[in-house]
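Okay, so here's the structure we're looking at.
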Amino acid sequence: METQLTWAIGEAARQNVPLDASQDDLKYMRTHRLISYKDIRLDDSITGADLSRPGFLALNHDALRNKAYSHIFIHKRDRFARPEDAIEMVAIEKRLLLAGLTIIFSDTISEPMERGRQYPERELAMLLGYYESGAFLIKLAERVLEKQVLLAQEGFRTGGNAPYGFVRVLVDAQGNILEELPPGRRIRQAGCHVRAKPKEGVQLQTRLYILELKHQGWGFKRIAAHLNKLGIPSPDAGKTRTDHGERHLVTGTWSASTVREICMDPINIGLQEYGRRSEGAHRRLGQEGPRLLTDTDRTTPTDIDDTNQDKPRTIMNDKSVRIIRRTGGALFDEQRFEEMQRQIDERGKNQRGIPRTKNPARYPLACRIIDLTDNCGFPMYGRMHGQRPIYVCGRYWKSAGTECENNAVDGEAILRFTLKTLRQLVERHGNRDKLRDLLLQRARQDTDVLLPNLAMQEIEVLSAKAADLKQQQAIVRHRMAREKDDARYDALGEEFDVISADLQAAERELEGKQRSCPAVVERSPETEADAAMALLDDICRITSDDRARAEINPMMKKLQAWIGLNFTGAIKGKKRAVRRLLSGIMTFGDGRLPAPLYGADNRQGPQGCHGCHEPDAQCRHHADTDAGAQEPARAPSEQVNERVGGRDEMETAGTSASAPIPADSVRERPARPPLLRQVRSTCHR
């Protein structure tokens, strides 16, 4: 990225175009995981085949909306996109060129285009360029799969970290160990490959201990709880992962699934398995080599949420496709290992093969409620407590109670409150008309700025061409009917044949374009405003209809709604210590909760604010929080144990939630200053 930015800065200077970008800006963006800052639009570690990646969308949006921009600097076309459909990218680049922008690549310059003119040579060059970019991913996927199969057949590692209790070692052609490779280190040496080797230490002893417990009949959950009680860190302890768009530290506690993976891994008896799962987006492992993706490799739309339809999904390969080779000596007795596998199969036979169906109506607020107590920041997960659903702090759940309190809220009570709050917001007197006027005003402004749909323009041009040829054909036919001179009649006949052939070609081209691009109905600003207001109607319907429970969670995601809850200690009866809901806050859109998601484990940026990722000195959100917009939860030592009598603590928590979270408490977040001011260019990776 540094090389690409250096080229862009130098090229902008040669073109005498001001570019507000520097290497420090790039470093700042990567540190804080920004996609847009000053004149840089950035996609870091996202495949170019994804045309919905945020930096790509930000570049197209800003370039088309802001008339001050004149140049876009992109190092290569394959840095702009590696599309599956090259024609789609040609249309996107043409839209930028028709807007008067000049796109400068390191190997060519794409000059602006004028509407009404045809540019067949340039469009063909664009098509071939993007076709080569997309074809590269397919060729790369095939080469990677073929190489991995060759390595797996020889018992070598094909990538990834070493199994728990093992290390990666570099071996030569004779199998001699040259050196041990630390995690994350890559090395390429002729004739040498990587194997997995057991390493004496705590991790290896823990693996053997897990196998012994499992052979004795212990369940996965029991083993995980036992290891957590002993204080043994899990395999991924100290690493980071991304959930709900936030990077956070792994808790370091064991789970049943981690124990299961260790118990079923054939590496325990010296065998290495390759191809257990397939997750590629272009080619996947097949019995005869790399294969195309089928319908079973892609997600399917649902009646509730079709945003992730037709996306590659991870599948489990059949055993006939997998490659199993011996890679070393057995750690565990093979006969006992087989007995353990039969035990696992016997215990799981009643559930094996039955898909885990997700019922979105069971926990409608799942992962939209955050525990804010002591800046915990963990999502609250749905579970059943007897005959009723509740939401429990995820940190408490995953750590088996060692890292957080048993903070829980009644599922139906918090749902009723949430739905009533949403109805109150949309039904407040006068708000609907004011909001529609605002949307109508914005739609009219966008009408002046947005460019017409390029595909629809092409259809209109082709339609006009076909209509003109039909008119010419009718004129020639009329003259032929009145012409008496044979020579002139023959000349008119030849002209009629030429026009008829052109008309058939134009109609075929028009029909093909209409099939590939369904007609988009042009909508007036009033229609656009009404369509936007339909969301409010959906909210009213969903919040009022008990049969629409399954639509609540997708609606909360669409609104970017979060519910933050604070809990405190209380005494029920005379001395029973319980947890009680103290206060809470509900936010929408860009509104952010006082504590970042996953709290202290959040790794979005060393000094960044949750959500906006701006430095504390530049972020107005911190000013709001510091000004006392939301009172932080008291520390455990400062909490007052309040008495609760006569009712279940969950019911108390649910009914008391409405007081601290009035609908009027949603704060307006100050608008950020524009990142791009008096500049005329933008740079994108």
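Quick notes on this structure:
- Residues of the range 375-433 classified as among the hydrophobic types (A, V, I, L, M, F, W, C) and in a helix (DSSP H, G or I), total: 9
- Given (1) closer than 26 Å to Gly155 by Cα; (2) at pLDDT below 90; (3) in a helix (DSSP H, G or I), number of the condition Arg347 does not satisfy: (1)
- Entirely in the range 1-74, the helices (runs of 4 or more DSSP H) that have 2 or more residues that are charged (D, E, K, R) and either farther than 15 Å from Ile92 by Cα or outside the structural domain of Met89 (by TED's automatic domain parsing) (or both): 2-14, 23-32
- Matching residues in the range 210-232 - criterion: being in contact with a helix residue (DSSP H, G or I) (Cβ under 9 Å, 6 or more places away or on another chain) and outside any helix (DSSP H, G or I): Gly217, Trp218, Gly219, Ile232
- Identity of the residue in the range 310-344, acidic (Asp, Glu), modelled with pLDDT of 85 or more and farther than 22 Å from Ala162 by Cα, that ends up surrounded by the fewest Cβ atoms within 10 Å (Cβ to Cβ): Asp318
- Inspection of the range 200-209 identifies at least one residue that is under 30 Å from Gln174 (Cβ atoms) and outside any helix (DSSP H, G or I).
- Looking at Asp78, Asp85, Asp44, just one residue is modelled with pLDDT under 90 and under 17 Å from Ala135 (Cβ atoms), and that residue is Asp85.
- Annotation: of all residues in the range 183-199 being in a loop (DSSP other than H, G, I, E, B) and at pLDDT 90 or above, the one that is farthest from Pro266 (Cα to Cα) is Cys192.
- Single residue of the range 59-95 satisfying the filter (farther than 19 Å from Leu34 by Cβ, acidic (Asp, Glu) and surrounded by fewer than 21 Cβ atoms within 10 Å (Cβ to Cβ)) that is nearest to the chain's Cα centre (by Cα): Glu84
- Members of the range 371-407 that are in contact with a strand residue (DSSP E or B) (Cβ under 6 Å, 6 or more places away or on another chain), touching a residue at least 60 places away in the same chain (Cβ under 8 Å) and within 18 Å of Ala256 (Cα to Cα): Arg395
- Screening Thr102 with (1) at pLDDT 90 or above; (2) closer than 30 Å to Gln272 by Cβ; (3) within 31 Å of the chain's Cα centre (by Cα) gives one miss only, at (2).
- Against the criterion of being within 21 Å of the chain's Cα centre (by Cα) and either outside any helix (DSSP H, G or I) or among the acidic types (Asp, Glu) (or both), Gly589 qualifies.
- Qualifying residue in the range 443-459 (condition: aliphatic (A, V, I, L, M), under 30 Å from Ile552 (Cβ atoms) and at pLDDT below 80): yes
- Top-ranked residue in the range 230-246 [being surrounded by fewer than 17 Cβ atoms within 10 Å (Cβ to Cβ) and in contact with a Pro (Cβ under 9 Å, 6 or more places away or on another chain); ranked as modelled with the highest pLDDT]: Asp243
- Hey, Val144 closer than 23 Å to Gly280 by Cα and modelled with pLDDT of 90 or more or not: yes
The values are calculated or read from the model by the stated rules, or taken from the named source; none is laboratory data. Keep in mind the model is a prediction, meaning the values are calculated, not measured. Please note: Cβ atoms are built from the backbone with ideal geometry, for glycine as well, and neighbour counts cover all protein chains shown.
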